[in-house]
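*Asks:* Okay, handing you the structure first.
The values are calculated or read from the model by the stated rules, or taken from the named source; none is laboratory data. None of the values given here were measured: they were computed from a predicted structure. We place every Cβ from the backbone using ideal geometry, glycine too, and count neighbours over all the protein chains shown.
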Amino acid sequence: MSVQQTEIAITIDKQGNVSYTVKGLKGKDCVKTTEFLDQALGEVTKREHTREYYERKVKITDRVETTR
């Protein structure tokens, strides 16, 4: 079983504008994970979602059935 890694890339331009991109999270988990950044940085003026935001999380379970 592999472990999913999450990456947050933060960019600050010459004017002091901050942007960040989240990789490795699907659905709304990225919004929950970055709430601390939004609170620390102040007003969010623009939000763009990546393809991963619209993907569903996959839950893998083991199921064994026996027949007699």
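*Asks:* Just for the range 34-56: of the residues that are touching a residue at least 24 places away in the same chain (Cβ under 8 Å) and among the charged types (D, E, K, R), which one is nearest to Ile12 (Cα to Cα)?
*Replies:* Taking the candidates together, the pick is Glu52.
*Asks:* Restricting to the range 17-44, name every residue that is at pLDDT 90 or above and among the small types (Gly, Ala, Ser).
*Replies:* Those that are at pLDDT 90 or above and among the small types (Gly, Ala, Ser): Ser19, Ala40.
*Asks:* Do we find that Arg47 is modelled with pLDDT under 85 and not polar (S, T, N, Q) in this structure?
*Replies:* no
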